[in-house]
Amino acid sequence: MKIGAFDSGIGGFSVLQPLLREIPDLSIVYVADTAHVPYSGKTPEELQILIRKILRFFLDSKVEAVIFACNTSSALVLPQILPYSFVPFFGVIEPGIQMALTITKGKGIGIAANEVTAKSGTFKKMIHEKNPTIPVFEQSCPELVSLVEKGETSSPKASSIVKKYMEPLQGKIDTLILGCTHFPFLRKQFEESLPDCAVIDPAYPLAQHFMKYFNDHQGDLNSKESPKKHDLFTTAQSPHVEEWAKKVLGWDLTAKLLDLTRINPWVPEEVSSYEITS
Ligand code: DGL
């Protein structure tokens with residue numbers, strides 16, 4: 001099966017890693033929207049346009065599913081367009097929440113996210129729809145995305161910044177959701193900052209959810225392309241993306257440039273049904 005996945009940068013590789021471990025036969029078309037990283041500074045309207053352009057590209061690439069490998073777009077864009085999905089769309093927020101609710105002992109759930117996701121209140125709202133009594137703390141961690149994009153995942157600076165952001169959550173929670181797909185690359189630092197907490201990377205429950213969905217719907221998860229191939233796109237010249245694709249996913253690929261200025265945004269009403277071909 002060929003699927004599309006995107007993020008503002010390399011964050012989505014943390015989502016693909018467990019997915020490809022579970023389903024090695026998937027072919028991925030990955031878009032790193034490096035011309036617009038970080039997504040945190042964008043308004044919901046700007047994000048809608050950018051992501052609908054990426055979705056137009058996926059539609060034209062004939063992908064059979066799309067993974068929003070990004071919490072910001074899963075929070076601010078996916079809910080409005082989900083009813084119009086042209087293939088199954090998967091966000092990263094719901095699977096992490098489900099897992100957190102099964103793990104927490106009820107003390108509290110923390111969310112580490114970028115500013116715009118944290119401020120949107122999406123995690124709190126979705127958790128309280130399922131369990132209105134659990135305390136939820138959405139912690140904005142503004143500096144971390146650019147740190148990860150620069151490859152600074154094991155510097156003393158990274159440890160001290162994560163520690164600073166996690167301080168307000170100390171003693172208040174027993175479970176932390178990594179609510180930004182760049183943050184699993186700093187998982188060790190989060191675990192060290194909150195040693196008594198379960199730290200959840202939503203990519204793992206997402207991979208399970210993805211497999212279950214296609215098994216339940218008799219979808220064919222095997223790649224129809226032989227040999228199976230992946231495609232890597234960036235929206236601005238960003239050599240570090242290739243480096244990280246190799247480091248995280250073992251991909252030895254040259255990234256192609258995708259010029260979003262030449263793509264018209266997909267209009268949700270345009271194609272509103274999908275078929276899973278087997
Ligand atoms: N990695 C994305 C997320 O999960 C976007 C981070 C950003 O560009 O601010 O939210």
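The numbered conditions (1) over 20 Å from the mean Cα position of the chain (by Cα); (2) modelled with pLDDT under 95; (3) surrounded by 13 or more Cβ atoms within 10 Å (Cβ to Cβ); (4) closer than 28 Å to PHE123 by Cα are all true for VAL267 except (3).
Here SER61, SER85 are screened, and the one residue that is more than 15 Å from the ligand (Cβ to nearest atom), hydroxyl-bearing (Ser, Thr, Tyr) and under 24 Å from TRP251 (Cα atoms) is SER61.
If you go through segment 29-58 and pick out every residue that is within 15 Å of the chain's Cα centre (by Cα), part of a helix (DSSP H, G or I) and within 11 Å of the ligand (Cβ to nearest atom), you end up with 3.
Residues that are under 30 Å from LEU59 (Cα atoms) and aliphatic (A, V, I, L, M): does segment 100-115 have at least one? Yes, segment 100-115 contains a residue that is under 30 Å from LEU59 (Cα atoms) and aliphatic (A, V, I, L, M).
Can you name the residue in segment 64-77 that is among the small types (Gly, Ala, Ser) and near the ligand (Cβ under 9 Å from one of its atoms) and, of all such residues, is surrounded by the fewest Cβ atoms within 10 Å (Cβ to Cβ)? By that ranking, first place goes to SER74. Whenever a residue of segment 250-269 is within 16 Å of GLN48 (Cα to Cα), its partners that are among the polar types (S, T, N, Q) and surrounded by 12 or more Cβ atoms within 10 Å (Cβ to Cβ), lying with C-beta atoms within less than 6 angstrom and at least six residues away or across chains, give the pairs LEU260/THR235.
Taking helices (runs of 4 or more DSSP H) as the structural unit, those lying wholly within segment 78-148 and holding at least 1 residues that are surrounded by 18 or more Cβ atoms within 10 Å (Cβ to Cβ), without any contact (Cβ under 8 Å) to a residue 24 or more places away in the chain and not β-branched (Val, Ile, Thr) correspond to 78-81.
Identify all residues within segment 149-162 that are assigned to a helix (DSSP H, G or I), over 21 Å from the mean Cα position of the chain (by Cα) and small (Gly, Ala, Ser); write none if there are none.
Correct list: SER159, SER160.
Among all positions in segment 73-80, there is at least one residue which is modelled with pLDDT under 95 and more than 23 Å from GLY151 (Cα to Cα).
Residue by residue, here is whether (1) over 21 Å from GLY121 (Cβ atoms); (2) without any contact (Cβ under 8 Å) to a residue 24 or more places away in the chain; (3) crowded, with 16+ Cβ neighbours inside 10 Å holds:
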residue: CYS180; (1), (2), (3): no, no, yes
residue: PHE183; (1), (2), (3): no, no, yes
residue: ALA198; (1), (2), (3): yes, no, yes
residue: LYS212; (1), (2), (3): yes, yes, no
residue: ASP216; (1), (2), (3): yes, yes, no
residue: LEU221; (1), (2), (3): yes, no, yes
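Among the conditions (1) within 19 Å of ALA65 (Cα to Cα); (2) without any contact (Cβ under 8 Å) to a residue 12 or more places away in the chain; (3) under 22 Å from the mean Cα position of the chain (by Cα), GLU191 misses just one, which is (1). How many residues are of a type in the set (Phe, Trp, Tyr) and surrounded by fewer than 23 Cβ atoms within 10 Å (Cβ to Cβ) when one looks only at segment 1-57? So the answer is 1.
Scanning segment 210-236 for residues that are modelled with pLDDT of 95 or more and in a loop (DSSP other than H, G, I, E, B) yields HIS230, THR235, ALA236.
The values are calculated or read from the model by the stated rules, or taken from the named source; none is laboratory data. Quick caveat, the model's predicted, so the values are computed rather than measured. With ideal geometry, Cβ positions are generated from the backbone for all residues, glycine too; neighbour counts draw on all protein chains shown.
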